[in-house]
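Presented below is the structure to which this report refers.
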Amino acid sequence: MNLQELRTLIAIVETGSLVRASQVLNVTQSTVTARLKTLEDEVGQTLINRNKSGATLTAAGVRLHRYADTISDLWRQARQETSLPDGMSGVCNLACESDLWPNLGQRFFHQLKREHPEIAISVWLGSQTDVSAWLNDGKSDIAFTYRSAVRQGQGQVEMEPDNLILVSTDPNSPLRSDPTYVYVEAGEAFGRDHAIAYANTNATRISFGNATTGMEYILNSGGSAYLPSRLVQNALADTRLHKLPNAPEFKRSVFLTFNKDARAAWAWLDGILGLL
């Protein structure tokens, strides 16, 4: 098994056809077929179903494709680290849950960029599931996440928690039974505490799975929502949003998770964290 064979499998999946895969890879269709056959012989399983409508993965192909993507990504990362520009001493692969990028991940990025110009930085933004997978697969060395669990070989530092405050586009919005209220998911603890604090109010009609999207919605359509205070700083400052007084406030834990091997080589990390 080699990278060419794995990339051929990825190309077939992405294009849905051996013919189109050969065009993308700039090789003949017979080469694509030969690579696929070699790969199938090595794993002892049929990986692709071929029919008139195109090419689809078998169950074994689905499993191998997941690893093929990871191996290909890791190879690209390895090439990046071993072919750094002159003057670069290493690379920091930073993952960050999308809601933690504004005013946290961004601050870390800019501090590291300013204080250590010899470090190359690669940034990955995604969901909690994405970030966890990137850490576990070795695509990322360090991550800002709401997830408290760590695996063997990983460590974690608890950061200052998110302060969740009730904000609205209307400074006179009611604290309870607001018809424009939007529920924004912020973890199990928030869900429990929110249910207790607002036990006697009607269920909200609209909800979002992340704070960034929830904020964009109420800014565009009007309404109120519980959002991290660091996320809404600018909107509060220019009065696009207003903090509603006397509303309950909540906390959401934030963690910096890292792979211990990478952390051991980073004498600069504590200094950067101290600047956040």
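With the requirement that a residue be of a type in the set (Gly, Ala, Ser) and exposed (fewer than 15 other Cβ atoms within 10 Å of the Cβ), what does segment 102-124 give you?
Pass one, segment 102-124, residues of a type in the set (Gly, Ala, Ser): 105, 120, 122.
Of everything in segment 102-124, nothing turns out to be of a type in the set (Gly, Ala, Ser) and exposed (fewer than 15 other Cβ atoms within 10 Å of the Cβ).
In segment 214-226, how many residues are surrounded by 14 or more Cβ atoms within 10 Å (Cβ to Cβ) and closer than 16 Å to Trp101 by Cβ?
So the count comes out to 2.
Restricting to segment 240-259, name every residue that is touching a residue at least 60 places away in the same chain (Cβ under 8 Å) and over 20 Å from the mean Cα position of the chain (by Cα).
The answer is Arg240, Leu241, His242, Lys243, Leu244, Asn246, Ala247, Pro248, Glu249, Phe250, Lys251.
All but one of (1) part of a helix (DSSP H, G or I); (2) at pLDDT below 75 hold for Leu84; state the number of the condition that does not hold.
All conditions are met except number (1).
From (1) surrounded by 13 or more Cβ atoms within 10 Å (Cβ to Cβ); (2) in contact with a His (Cβ under 9 Å, 6 or more places away or on another chain); (3) modelled with pLDDT under 90, pick out the condition that doesn't hold for Ser168.
Ser168 satisfies every listed condition except (3).
Considering segment 227-253 alone, what residues qualify as being buried (at least 21 other Cβ atoms within 10 Å of the Cβ) and closer than 17 Å to Ser98 by Cβ?
Residues satisfying the conditions are Leu227, Pro228, Leu231, Val232.
Anything in segment 146-165 that is closer than 19 Å to Ser132 by Cα and either touching a Pro at 6+ places or on another chain (Cβ under 7 Å) or of a type in the set (Val, Ile, Thr) (or both)? List them, or say none.
Val150, Val157
So Ala264 fits all but one of (1) out of contact with any Leu (no Cβ under 9 Å at 6 or more places or on another chain); (2) under 23 Å from Gln111 (Cβ atoms); (3) outside the structural domain of Gln111 (by TED's automatic domain parsing); what number is the exception?
Of everything listed in (1) out of contact with any Leu (no Cβ under 9 Å at 6 or more places or on another chain); (2) under 23 Å from Gln111 (Cβ atoms); (3) outside the structural domain of Gln111 (by TED's automatic domain parsing), Ala264 misses just condition (3).
Which of the strands (runs of 3 or more DSSP E) found entirely inside segment 182-276 contain at least 3 residues meeting this: over 26 Å from Asn172 (Cα atoms)? Walk me through how you get there before you give the answer.
Working: elements: 206-208, 224-228, 250-252, 255-259.
In segment 182-276, the matching strands (runs of 3 or more DSSP E) lie at 255-259.
Under 8 Å between Cβ atoms, at least 6 apart or on separate chains: pull out the pairs that start in segment 215-229 with a residue that is touching a residue at least 24 places away in the same chain (Cβ under 8 Å) and not assigned by TED's automatic domain parsing to the domain that holds Ala186 and end on any residue that is among the hydrophobic types (A, V, I, L, M, F, W, C) and surrounded by 14 or more Cβ atoms within 10 Å (Cβ to Cβ).
Every condition considered, no pair remains.
Name the residue that is surrounded by the fewest Cβ atoms within 10 Å (Cβ to Cβ), counting only residues in segment 177-203 that are of a type outside the set (A, V, I, L, M, F, W, C) and over 19 Å from Pro228 (Cα atoms). Lay out the reasoning, then the answer.
Of segment 177-203, the ones of a type outside the set (A, V, I, L, M, F, W, C) are 177-181, 183, 185, 187-188, 191-194, 198, 200-202.
Those still in the list that are over 19 Å from Pro228 (Cα atoms) too: 177-179, 200-202.
Details: Ser177: 11, Asp178: 19, Pro179: 11, Asn200: 7, Thr201: 14, Asn202: 11.
Across segment 177-203, the extreme among qualifying residues is Asn200.
With the requirement that a residue be surrounded by 14 or more Cβ atoms within 10 Å (Cβ to Cβ) and either modelled with pLDDT under 90 or assigned to a loop (DSSP other than H, G, I, E, B) (or both), what does segment 133-153 give you? Break it down into steps so the answer makes sense when it comes.
So the first thing to find is which residues in segment 133-153 are surrounded by 14 or more Cβ atoms within 10 Å (Cβ to Cβ), and the list is 133-147, 150.
Ala133, Trp134, Leu135, Asn136, Asp137, Gly138, Lys139, Ser140, Asp141, Tyr146, Arg147, Val150 - these are the residues of segment 133-153 that are surrounded by 14 or more Cβ atoms within 10 Å (Cβ to Cβ) and either modelled with pLDDT under 90 or assigned to a loop (DSSP other than H, G, I, E, B) (or both).
The values are calculated or read from the model by the stated rules, or taken from the named source; none is laboratory data. Source: prediction; values computed, not measured. Because the Cβ atoms are built from the backbone with ideal geometry, glycine has one as well, and the counts that use them run over all protein chains shown.
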